[in-house]
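Trainee: I'd like to ask some things about the structure below.
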Amino acid sequence: MKINQIQIEVKPFEESIKETAKVFRDISKGKAVKKIERIVFEDVKTLRSILTPARVELMHVIRVRNPESIYELAKMTNRKWRAVANDIEILNTAGLVELDKREEPKEIIKPSVSFSKINIGVSI
């Protein structure tokens, strides 16, 4: 699914749990709940460890140049395949990059990014 932007938030775990509990209460009462595309990190340090300049560049190249594989992405960015594959795995785990694995005629993993903008909000 293509979306224009994704929301990234930094907020304490306890705050996230309270928000999740409220959503569950609203659902159990039959109230409509608005779906929000977002990723939440517990602290800025974690966010910074995930969104490094090199990984942001990878997401940009994926969105703009649409590589057919991680190998092709590594060539486009002039980086070693293993380093790019590790970064893509981290971005995929964080929910920022999607991977489409094809087996035929040989295994190819195509990365994709479904948004063009990241909005970051930090609770203080």
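The values are calculated or read from the model by the stated rules, or taken from the named source; none is laboratory data. Remember, predicted model here, so these are calculated numbers, not experimental data. Glycine also receives a Cβ, built like all others from the backbone with ideal geometry; neighbour counts cover every protein chain displayed. To get the accessible areas, we keep the full protein, side chains included, count just its heavy atoms, and leave off ligands, DNA and RNA. Shrake-Rupley method; radii C 1.70, N 1.55, O 1.52, S 1.80 Å.
Trainee: So which of Ile39, Ile70 ends up being more than 21 Å from Asn4 (Cβ to Cβ), of a type in the set (Val, Ile, Thr) and open to solvent by less than 40 Å² (accessible area, probe 1.4 Å)?
Mentor: Ile70
Trainee: Just for region 87-124: of the residues that are acidic (Asp, Glu) and not in a loop (DSSP other than H, G, I, E, B), which one is most open to solvent (accessible area, probe 1.4 Å)?
Mentor: Step by step, filter region 87-124, then rank; the result is Glu89.
Trainee: Restricting the first residue to region 66-86 and requiring it to be among the charged types (D, E, K, R), which pairs with a second residue that is surrounded by fewer than 16 Cβ atoms within 10 Å (Cβ to Cβ) and in a helix (DSSP H, G or I) meet a Cβ separation below 9 Å and a spacing of at least six or different chains?
Mentor: Cβ pairs passing all conditions: Glu72/Arg65; Lys75/Trp81; Arg79/Ala54.
Trainee: While we're on this one: Here is a check on your reading of the model: is Ile39 touching a residue at least 40 places away in the same chain (Cβ under 8 Å), under 16 Å from Val122 (Cα atoms) and either in contact with a Gly (Cβ under 7 Å, 6 or more places away or on another chain) or assigned to a helix (DSSP H, G or I) (or both)?
Mentor: Judged against the criteria, Ile39 is a match.
Trainee: Kindly check whether there is at least one residue in region 3-26 that is at pLDDT 95 or above, surrounded by 11 or more Cβ atoms within 10 Å (Cβ to Cβ) and not in a loop (DSSP other than H, G, I, E, B).
Mentor: no
Trainee: Here is a further query. Got at least one residue in region 73-80 being more than 16 Å from Asn119 (Cα to Cα), open to solvent by less than 50 Å² (accessible area, probe 1.4 Å), among the hydroxyl-bearing types (Ser, Thr, Tyr) and in a loop (DSSP other than H, G, I, E, B)?
Mentor: Looking through region 73-80, none of the residues is more than 16 Å from Asn119 (Cα to Cα), open to solvent by less than 50 Å² (accessible area, probe 1.4 Å), among the hydroxyl-bearing types (Ser, Thr, Tyr) and in a loop (DSSP other than H, G, I, E, B).
Trainee: Just checking, does region 46-63 include any residue being loosely packed, with under 13 Cβ neighbours inside 10 Å, over 15 Å from the mean Cα position of the chain (by Cα), assigned to a helix (DSSP H, G or I) and basic (Lys, Arg)?
Mentor: Within region 46-63, none of the residues are loosely packed, with under 13 Cβ neighbours inside 10 Å, over 15 Å from the mean Cα position of the chain (by Cα), assigned to a helix (DSSP H, G or I) and basic (Lys, Arg).
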